[in-house]
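Report on the following structure.
The values are calculated or read from the model by the stated rules, or taken from the named source; none is laboratory data. Given the structure is predicted, the values throughout are model-derived calculations rather than measurements. Cβ atoms come from the backbone with ideal geometry, glycine included; neighbour counts cover every protein chain shown. Only protein heavy atoms, including side chains, enter the accessible area calculation; ligands, DNA and RNA are left aside. Shrake-Rupley method; radii C 1.70, N 1.55, O 1.52, S 1.80 Å.
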Amino acid sequence: MSSLTSLIPELSNIEWLAHAAIFTVNIVLFIFARPLLNIVESGKDSDGDARIQILRSLNILVLVLQAINIIMLGADSDYENYFIKAGLTLMAIYAGLLAYSISSYFLRKKFGTEKEFDGHTVFIETYSSRLVDIMLLVFSVIATIYFMILIWGANSLLETTGVFGIIAAFLAFTSNIWAPDIISGLIILNTQMLEDGDVVVIDGYKDEYVINKVTFVYVILYDIRNNHRTLIRNSRFIQSKIDNLSRVASTEGIRKRLVYQIGYPDTDKATGAEREEALNQFTQRIDKIFKKAFEACCENDHIKINNHKEFEWALTNTGNYALEYTVWIYMERLPNTKVTSTIRKHLMRTIYRVNEAIFTAAVIENIDLSTPNRSDIKVLA
């Protein structure tokens, strides 16, 4: 018992009060880690349990460092509090990140845009909120570094300016890496044409993507067809041609094209009138195919077409072996969601079902949609 008592250092009341405050703050943060994370991560798609474990592990590490420091003070009167300084450094970083995250959340509510996804209202980033967020980040980093300097006692003018000078030099040498992406992110948000939840098609990429978030450095995308996440740097993202399917040009909806190869009609008749009659009958059967397909699609609620806008079709090419008919359909507006399966059903399933309806109508009208492969060989005398 006496050996344990000898390990307890003789500290002043203020020093014991400081240790008690550190212990209390860490216990409170350990207990309320989940509610705090729910606030700062509101509306974000992240692994909350893993983050909670990291935060609580940090609290435990600080408490362990504090206990070791108290033991070292009892064992060595000349000990310089290195362990508690390391713990306070971790606490300063923790406090800086927490203060920045909470402030960023309220700034996003103040300057961001309110949007509804799948029945939940969230606040998404805008140009104004991102600009304020960058200034808040700079202030938080400077304040955290200053507190770390005070903790380690390097608070003379020369030492302080030296630390900030090294950091400034590091940022200056690496600015060509991160600065273009931060500026590009501001440009993306300033256009007000690309927001979280928008479905886009990027030039050079064949798949459709939904924007999950425009961060400081990169854009997080969900691949709708393949159901995985994709990262593209902001500077590269804005250099491409981007089609935003969530922002249609009119109330008619998204316009999609389907192409069919249909064999030439049998016009090998004796007279021109007979050939004209055969051609008219062929054209009427083609029209019936697309009209029946539209009516069938309107009766199916799972096919997300604009029921008030009929299909449009035209003979767009006369090839060597077949006639090329192009059908344009108009789809309903895409829903406000980031769930890839919902968007996939809206986009892809609609196209597939329309194609199926046209095939069914073609079978009824006895029109073969397979591309003919004919060769006419003429023997010259």
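Summary table below
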{"read-out": "Any hit, the stretch 253-275, residues being under 30 Å from Ile177 (Cα atoms), surrounded by 14 or more Cβ atoms within 10 Å (Cβ to Cβ), in contact with an Asp or Glu (Cβ under 7 Å, 6 or more places away or on another chain) and at pLDDT 85 or above", "value": "no"}
{"read-out": "Qualifying residues in the stretch 307-321 (those that are exposed (fewer than 15 other Cβ atoms within 10 Å of the Cβ) and in contact (Cβ under 8 Å) with a residue 40 or more places away in the chain) - the one nearest to Pro265 (Cα to Cα)", "value": "Tyr321"}
{"read-out": "Residue within the stretch 10-27 that is closer than 30 Å to Ile124 by Cβ and modelled with pLDDT of 75 or more present", "value": "no"}
{"read-out": "The stretch 187-211: number of residues that are crowded, with 16+ Cβ neighbours inside 10 Å and more than 21 Å from Ile254 (Cβ to Cβ)", "value": "2"}
{"read-out": "Any hit, the stretch 221-239, residues being at pLDDT below 90, closer than 30 Å to Met331 by Cβ, more than 17 Å from the chain's Cα centre (by Cα) and polar (S, T, N, Q)", "value": "yes"}
{"read-out": "Search result, residues across the stretch 276-295 that are open to solvent by 70 Å² or more (accessible area, probe 1.4 Å) and either of a type in the set (Asp, Glu) or within 26 Å of Thr340 (Cα to Cα) (or both)", "value": "Glu276, Glu277, Glu295"}
{"read-out": "Single unsatisfied condition, Val122 versus (1) part of a helix (DSSP H, G or I); (2) touching a Gly at 6+ places or on another chain (Cβ under 9 Å)", "value": "(1)"}
{"read-out": "Those residues of the stretch 221-232 which are open to solvent by less than 30 Å² (accessible area, probe 1.4 Å) and either in contact with a helix residue (DSSP H, G or I) (Cβ under 6 Å, 6 or more places away or on another chain) or without any contact (Cβ under 8 Å) to a residue 12 or more places away in the chain (or both), in sequence order", "value": "Tyr222, Ile224"}
{"read-out": "Those residues of the stretch 88-136 which are within 16 Å of Leu186 (Cβ to Cβ), in contact (Cβ under 8 Å) with a residue 24 or more places away in the chain and not polar (S, T, N, Q), in sequence order", "value": "Leu107, Arg108, Ile124, Glu125, Tyr127, Arg130, Leu131, Val132, Asp133, Ile134, Leu136"}
{"read-out": "Every residue from the stretch 57-78 that is farther than 17 Å from His19 by Cα, at pLDDT below 70 and assigned to a helix (DSSP H, G or I)", "value": "Ala75"}
{"read-out": "Test: residue in the stretch 167-179 that is part of a helix (DSSP H, G or I), within 30 Å of Arg56 (Cβ to Cβ) and at pLDDT below 90", "value": "yes"}
